[in-house]
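The values are calculated or read from the model by the stated rules, or taken from the named source; none is laboratory data. Because the structure is a prediction, the values reported are computed rather than measured. Cβ coordinates were reconstructed from backbone atoms using ideal geometry, including for glycine residues, and neighbour counts include every protein chain displayed. The area values use the complete protein model at the heavy-atom level, side chains included, leaving out ligands, DNA and RNA. Shrake-Rupley method; radii C 1.70, N 1.55, O 1.52, S 1.80 Å.
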Amino acid sequence: MPHLTSTTAGTTSTGVRTALGIPGYAHPLVAPAQWTELARPGTPLDWVVLNVAAGPGTRPDPHCLEAAGRLRNAGVRVLGHLDLTHGTRSLADLLADAHRHLDWYRVDGFLLDRCPTERAALPEVRRAVTTLRTISDTAHIVLGHGSHPYPGYAENADQLVTFSGPWSDYRFSQVAEWTADYPPDRFCHFVHGVPLGHLEEALRIARWQGAATIYFTDRTDRGGRTDPWEAMPGYWDEIVSRVGTGVSE
């Protein structure tokens, strides 16, 4: 089901209801206002990723404790960041970080970043997810592939990030046909470098491709030199309004 690149108004609604998934902002000490904004009532959030220091860090961070607590009190799901390093990280190291996230920040689940996409890596990823569920049976697990993985991954997590990259690629992207077998709330898209003038087109692409959790920003990675997710988009109020009201053309 490839998306239609036409932006003609009046396109039939897909019925997909979108929400925001926050890949992880800068440390709350650096960006306190942004973390406070995330806890504002009525913000259409699916979840927020907490990435203290490439994971949970080496000791509890009081600023992150406060930020995570504020989000939980607002009813927002907080996910701990776990780096799979494309399948090279040991399960023992992964579980150690997971326990720290749970013990220190009481996270509601995990984003497994840099998750492999290949069929050969699926058994190890399945093992990791199964083990994570033994230490937190209600954990919401998101696999951060960044592109379409082998279809079997969809049976082993709550959500998959099937696109993470620049608007220049996203606007001409195509969805893998197998994703049509799953509901939109199974898939997430993260897109950076989206100009305000193309925000509605980006939202339309996500709906047509069947991704219900999205994060779009006008920030860029400056050719890989910066993290485009560490700050709110310049049009934060606009995207909150459009997603929160379920705008769909």
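Using packing as a proxy for protection, rank 173-182, 74-83 so that the peptide with the highest average count of other Cβ atoms within 10 Å comes first. Before the final figure, lay out each step's value.
Working: 173-182: 14.2, 74-83: 20.7.
Packing proxy ranking, top to bottom: 74-83, 173-182.
Please give the peptides 184-194, 215-225, 50-60 ranked by average Cβ packing (other Cβ atoms within 10 Å per residue), highest first, as a rough proxy for protection.
Details: 184-194: 22.4, 215-225: 15.2, 50-60: 17.9.
Descending mean neighbour count gives 184-194, 50-60, 215-225.
Rounded to the nearest 10 Å², what accessible area does residue 107 have for a 1.4 Å probe in the complete protein model?
My reading of the accessible area for residue 107 is about 10 Å².
Show me, bin by bin at 5 Å from 0, the whole-percent P(r) of region 49-142 based on Cα pairs.
3, 14, 27, 24, 17, 9, 4, 1, 0
Dipole of the chain, Cα-centred, from +1 at each Lys and Arg C-beta and -1 at each Asp and Glu C-beta, to the nearest 20 debye?
Values: 22 positive and 28 negative charges, 39 e Å.
The dipole magnitude comes to about 180 debye.
Where does each of 85-92, 42-49, 27-34 land if you order them by average Cβ count within 10 Å, highest first? Numbers along the way, then the final one.
Values: 85-92: 12.2, 42-49: 19.8, 27-34: 15.0.
Ranked by mean Cβ neighbours within 10 Å, highest first: 42-49, 27-34, 85-92.
Relative to the compact globular guide of 2.2 N^0.38 Å, what is the alpha carbon radius of gyration of region 144-234, as a ratio? Spell out each step's value before the answer.
On the way: Rg = 13.0 Å, N = 91, 2.2 N^0.38 = 12.2 Å.
Cα Rg divided by the expected 2.2 N^0.38 Å: 1.06.
Between residue 130 and residue 158, what is the label-point separation in nm under the 7 Å Cα-to-beta-carbon projection?
It is 2.1 nm.
So for the chain, what are the equivalent ellipsoid semi-axes in whole Å, largest first, each being the square root of 5 times an eigenvalue of the Cα gyration tensor? Walk me through the intermediate numbers first.
On the way: eigenvalues 151, 100, 50 Å².
Output for the chain: semi-axes of 27, 22, 16 Å.
Just the number, please: carbon plus sulfur as a percent of the accessible area of region 24-243, 1.4 Å probe, no ligands or DNA/RNA counted. Before the final figure, lay out each step's value.
Values: 4630 of 9540 Å².
Answer for region 24-243: carbon and sulfur cover 49 percent of the accessible area.
With a probe of 1.4 Å, find how much accessible area the chain has per residue, and write the answer as a whole number in Å². Spell out each step's value before the answer.
Values: 11140 Å² over 249 residues.
Ligands and nucleic acids excluded, the figure is 45 Å² per residue.
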